[in-house]
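As structure tokens, the structure follows; a few thoughts come after it.
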Amino acid sequence: MTMNTEGNGTMLDPKVPEGPIQDKWTKRKFDVKLVNPANRRKYDLIVVGTGLAGAGAAAALGELGYNVKAFTYNDSSRRAHSIAAQGGINAAKNYPNDNDSVFRLFYDTVKGGDYRSREANVYRLAEVSNSIIDQTVAQGAPYAREYGGLLDNRSFGGAQVSRTFYARGQTGQQLLLTAYQALARQVGLGNVELFTRTEMLELVTKDGRAVGIVTRDLVTGEITSHSAHAVVLATGGYSNVYFLSTNAMNCNGTAAWRAYRKGAFFANPSFTQIHPTCIPASDEHQSKLTLMSESLRNDGRIWVPKRADDTRAPNEIPEDDRDYYLERQYPAFGNLVPRDVASRAAMRMIEQGRGVGPLKNGVYLDFTDSINRLGRQTIEDRYGNLFEMYERITDEDPYVMPMRIYPAPHYTMGGLWVDYNLETTIPGLFSSGEANFSDHGANRLGASALMQGVADGYFVLPATISGYLANWLNEPPVPTDDEAFTAAEQEVRDRLNRFLSIDGTHSVDYFHRRLGKIMIDECGMSRDRKGLEKALEQISALRAEFWKDLKVLGTDESLNQSLERAGRVADFLELAELMVRDALDREESCGGHFRLEHQTEDGEARRDDENYAFVSAWQWTGEDSPPIRHAEPLEFEYVALTQRSYK
Amino acid sequence: MNLTLRVWRQPRRGSEGAFKTYEVKDVSPDASFFEMLDQLNERLNDQGEEPVAFDSDCREGICGTCGVMINGSPHGPQSGTATCQLHMRKFNDGDTITVEPWRALAFPVLKDLIVDRSPFDEIIQAGGYISANIGAAQDANATLVPKPAAESSMDAAACIGCAACVAACPNSAANLFTAAKIAHLGLLPQGQPERYLRTVAMVETMESYFGSCTNFGECETACPKSISIDVIAWMNRDYVAAQWKNLRKQGQQA
Ligand SMILES: Cc1cc2nc3c(=O)[nH]c(=O)nc-3n(C[C@H](O)[C@H](O)[C@H](O)COP(=O)(O)OP(=O)(O)OC[C@H]3O[C@@H](n4cnc5c(N)ncnc54)[C@H](O)[C@@H]3O)c2cc1C
Ligand code: FES
């Protein structure tokens, strides 16, 4: 394989254990240095983020006996964005007896990721998936059951088996609540100290390793340093760089971005997932997009009129005039093709003028056949809350009118580069959940983000972190009056003051919306060199304008939501540029990264395994110098590299 | 649509607050209530007045971050709907809408429409969990859970912790919230070992912050997840049972 590294880029070592893939995780758990139970209380750990990945890690580390401080900007750890996940969580239990196995879940995830993920990590994820179900059931997650009392499963996009566990359309809620409650228990027992409405604004490093963070109390504005032996970032994804996305309003990339600026490499920033089934935007004041769970594709059929400009109501369009384009183009998977494939297919329909709805910006997702086959009650049991949510937003009843859906930014596969131990390139800085880049390659399969969040938080990180900690036995954490901390605090204060003193004419949202537009147009579902180069210029111009013309009122000594957003958008304005650079650099199409220049004759993504079978990991080099791209080569020993086909 | 808003403005915790009136013009009926407030805030910012602070995150009715009193009703006029899911088509052109924060002694106002709901977390920390250490679980299908039990448990577990129940209650009681968690866990086989201890611990923490329930039932009406007041009866029964159950005999108390 010829590796395309650029500039001073080097090859990264992911520290994967030797040996057959099914033994690697056992081997790592055996060869990692341990910290004995009596010594654990000598260690202070910081976990930023209390979603599934963070609350899980904080609870697990607390249970093990470490002193943990956990942070969230939300007013309670139960509010993290994980709560919004709807459809379900995968595991290789094979309860339905339909040929599933750890190997098949592994295989599907590597293939679904379009061969841009690290085999060893994905295998481990599949391996621990079963423990996740066991654990969360024991903690009281009320998963759907069969009449006999056994757990029920359903199928999800990108898989031909039923391996998805679910709790109505609120799986994320029920999983996060189990993690939240496990964390609450540790807080109650005094093992974890929880800081809510507290935002991490800087990572503190000393002698090249992570030693703590600087936070702002979002109610009082107080800036505080926290010191620890190790720091975990479980701060979620950055889809809100697009302004309109399915993410919660406050999701942001600041924690990861601050770490990047302190030396943590950022991997595959351009790998973002545009989810095919969201409610289309209705007007320019729209603040976010709402996901309609992918599970709906199990029972809904996607179609558009055959003729462009067909203005008839959907129920008046006869079968012959409808194009069930996924079933037509991908007979083997039909409506259950992976997300990237489904999204691009919808985009093409709309480009052909066959979009539906007042703005012609949607495709139909039709339940008529399923309702006729299964009865309305069954559909209501499966998706009742989603149908209700749809009706509330659109004022249309999906039991009688097909839903209108359209792709929307949803998930970021890119994130902080981590090795097999979930450690970033800064020693002592770990990352779990959506914040890291690890398991989904260039496209994530449905119901596997929850799986990764819980796996990282409950099972992986607590097992690997001791390997680092053991080196620091009996060393106290760096005191917070050390220069490393005071300097970081000063930077944070200066930055906040700068936002407040620009005194320009436009709100934070004004700039954020404009950034989102650039990103969705040029670095969204499809990309090309010309557009990306244009985007680089536009982003840089917008950033300059932001720093000149931003208007943030109020002070930094009280609750100030505009000030909070200003910091997040300032970081998005930098992250966006890195995403575009990465998209430019990767001269191939893979998964969610679709370069128009690289497609097959029938419009599918064309990978270049010869030159691009690697993870891009970017290193910050300063405000005015371009980042360096390093590479982690990917080798596929167990899943043969093939052109993905869902036909 | 054009609307008149009367909005509670309060600079910080413990400071004086007052209603302030604003006109909002050209609101789309398809906009959500918060998108309408976003529009107002954008204008206020442009005019040099600090935007109205309000909490929201998922804007899908699931995270429980949001919640304001709209014309005296928690989460506004539409039943089973969190504020973030309320759309302007539920109002009429020319309406005057009064917007204020949750009012309860246990929830001090932090700014404008934002309150501190941390006592809810303390109730959970007191016992709203199953003590199952990570790594120690048996196979998930080893314990059968009858479908109806799983369904009723899920009904209660749907609580989003928004605190509309407290805001609605004339006594500012938190019984619906507390009971929903007690029922969620107590209805499942996994929740049995700690059932009575959990109930006592949670109820006592609840009582240290909140008023007493006198069965007005306003909470059920206000709940965006329509959680049934039946869970309160369940909690009360378990609480009474816990008083006479010999906990020591069950090996649940030191
Ligand atoms: C609408 C929707 C539906 C989904 N459905 C599914 C599904 O059915 N199945 C599936 O597997 N996946 C699903 N996903 C994806 C999945 O929910 C997420 O990828 C996953 O929950 C992320 O978990 P996390 O713990 O990594 O991050 P999050 O849950 O986003 O948590 C991030 C945490 O970090 C905190 N934080 C961030 N930055 C800071 C900072 N600077 N300072 C302090 N705290 C900070 C936040 O407060 C929060 O606590 C869905 C996603 C969406 C948007
Ligand atoms: S913002 Fe999440 S419930 Fe309203």
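The values are calculated or read from the model by the stated rules, or taken from the named source; none is laboratory data. Please read all numbers here as calculations on a predicted model, not as lab measurements. In this analysis, Cβ positions are derived from the backbone assuming ideal geometry, glycine residues included, and neighbour counts consider all displayed protein chains. SASA here: full protein model, heavy atoms, side chains in, ligands and nucleic acids out. Shrake-Rupley method; radii C 1.70, N 1.55, O 1.52, S 1.80 Å.
Cβ-Cβ distance of B:N133 and A:A38, R₀ of 22 Å, FRET efficiency by 1/(1 + (r/R0)^6): the value works out to about 0.75.
With all pairs of separate Cα atoms included, the range A:343-431 yields a Kirkwood hydrodynamic radius of 16.3 Å.
Using only Cα atoms, tell me the angle between helix A:483-502 and the longest principal axis of chain A; keep it within 0 to 90° and round to the nearest 10. The answer is roughly 50 degrees.
Projected label points at B:V240 and A:D549, each 7 Å from Cα along the beta carbon direction, are separated by 6.9 nanometres. Scaling against 2.2 N^0.38 Å puts the C-alpha radius of gyration of chain A at 0.92.
Ligands, DNA and RNA aside, A:Y458 has an accessible area near 10 Å² when probed at 1.4 Å. When the Cα positions of B:F120, A:S245, A:Q139 are compared along the charge dipole of the protein assembly as shown, A:Q139 comes out farthest toward the positive end, with charges on each C-beta of Lys, Arg, Asp and Glu.
Between the helical axis of A:102-112 and the longest alpha-carbon principal axis of chain A there is an angle of about 80 degrees. Peptide B:118-125 is shielded by partner chain Cβ atoms: per residue, an average of 5 of them sit within 10 Å of its Cβ. Could you check which residue among B:A53, B:A136, B:A164 shows the biggest mean-square fluctuation in a GNM of chain B with a 10 Å Cα cutoff? So, out of B:A53, B:A136, B:A164, the one fluctuating most is B:A136. In summary, the range A:450-505 shows an alpha-carbon radius of gyration equal to 1.89 times the 2.2 N^0.38 Å reference for compact globular proteins. Restricting the range B:95-127 to trypsin sites (Lys or Arg not before Pro) that sit in a DSSP loop and have at most 15 other Cβ atoms within 10 Å of their own Cβ leaves B:R103. Available extension along the chain between A:E483 and A:R261 is 78.1 nm, counting 0.36 nm per residue and deducting the alpha carbon span.
Comparing each chain alone with all protein chains together (probe 1.4 Å, DNA, RNA and ligands left out), the residues of the range A:75-103 losing at least 30 Å² of accessible area are A:D75, A:R78, A:R79, A:I83, A:A84, A:Y95. Are there any trypsin sites (Lys or Arg not before Pro) in the range A:35-138 that are in a DSSP loop and have at most 16 other Cβ atoms within 10 Å? List them by number. In loop regions of the range A:35-138 (DSSP not H, G, I, E or B), the sparsely surrounded trypsin sites (Lys or Arg not before Pro) are A:R41. Note on chain B: with a GNM built from Cα contacts shorter than 10 Å, the maximum mean-square fluctuation among B:H87, B:H184, B:H75 falls on B:H87. On full extension, the segment bounded by A:N497 and A:E587 gains 28.3 nm, given 0.36 nm per residue less the C-alpha separation. Count Lys and Arg as plus one, Asp and Glu as minus one, and take only other residues whose Cβ is under 11 Å from that of A:G415; the net charge is then -2.
Within the range A:349-374, what residues put their amide N at less than 14 Å from the label point 7 Å along the Cα-to-Cβ vector of A:N315? Under 14 Å, as judged by backbone N against the label point of A:N315, lie A:367-369, A:372 of the range A:349-374.
Between A and B, roughly 6400 Å² of accessible area is buried in total, ligands, DNA and RNA not counted and the probe set to 1.4 Å.
Carbon and sulfur together cover what percent of the accessible area of the range B:3-111 at a 1.4 Å probe radius?
C and S fraction of accessible area: 46 percent.
Extent of the range A:483-606 along its three principal axes (Cα atoms, max minus min coordinate, largest first): 59, 36, 22 Å. Other residues lying with their Cβ under 15 Å from the Cβ of A:E127 contribute a combined charge of +2, Lys and Arg counting +1, Asp and Glu -1. Indicate the gyration tensor shape class of the range A:276-409 (rounded, prolate or oblate), computed on the Cα atoms with a ≥ b ≥ c the square roots of the eigenvalues: a/c under 1.5 is rounded; otherwise a/b larger than b/c is prolate and the rest oblate. Rounded, since a/c falls under 1.5.
Take every pair of alpha-carbon atoms less than 8 Å apart whose residues are at least six positions apart; their mean separation over the length of chain B yields a relative contact order of 19 percent. Mean projection of the Cα convex hull over all viewing directions, computed for the range B:33-96: 4.7 nm². Taking 0.36 nm per residue of sequence separation and removing the Cα-Cα distance, the A:N611/A:L641 pair yields an extension gain of 9.5 nm. Can you pull the percent of Cα pairs in the range A:501-562 with separation above 19 Å? In whole percent, the long-distance tail amounts to 42. Here's the picture: a label point sits 7 Å out from the Cα of B:D93 along the beta-carbon direction, and within the range A:272-311 the residues with their amide nitrogen under 20 Å of it are A:283-285. With a Förster radius of 25 Å applied to the C-beta separation of A:N97 and A:Q377, the computed FRET efficiency comes to 0.40.
If you take the C-alpha gyration tensor of the range B:3-111, multiply each eigenvalue by 5 and take the square root, what semi-axes do you get, largest first, in whole Å?
Over the Cα atoms of the range B:3-111, the semi-axes work out to 20, 18, 13 Å.
Taking every protein chain into account, the accessible area of the range A:491-573 amounts to 42 square angstrom per residue (probe 1.4 Å). Of the beta bridges in the protein assembly as shown, as assigned by DSSP with both residues counted there, near 70 percent are antiparallel.
In this rough spin-label picture, where each label sits 7 Å from Cα along the Cβ direction, the A:E327-A:D624 distance is 6.2 nm. Radius of gyration (Cα atoms) of the range B:114-191, expressed as a multiple of 2.2 N^0.38 Å: 1.28. Applying 1/(1 + (r/R0)^6) with r as the Cβ-Cβ distance of A:L359 and B:E49 and R0 = 45 angstrom yields a FRET efficiency of 0.85. Applying the criteria of a DSSP loop state and at most 13 other Cβ atoms within 10 Å to the trypsin sites (Lys or Arg not before Pro) of the range B:1-64 yields B:K25.
Just need the relative contact order of the range A:55-141 here, percent rounded to a whole number, with Cα pairs under 8 Å and 6+ apart. Mind dumping the intermediate values first?
Values: 45 pairs, mean separation 19.0, N = 87.
Result for the range A:55-141 is 22 percent.
For helix A:171-188, what angle does its Cα long axis make with the longest principal axis of chain A, in degrees from 0 to 90 and rounded to 10? Between the helix axis and the principal axis of chain A, the angle is about 20 degrees.
Residue by residue along A:185-194, Cβ atoms of other protein chains within 10 Å of the local Cβ number 3 on average.
Considering only protein heavy atoms and a 1.4 Å probe, what is the carbon-and-sulfur percentage of the accessible area of chain A?
Accessible surface attributable to carbon and sulfur in chain A totals 48 percent.
Take the Kirkwood radius over Cα pairs of chain B, plug it into Stokes-Einstein at 25 °C and 0.890 mPa s, and you get 124 µm²/s for translational diffusion.
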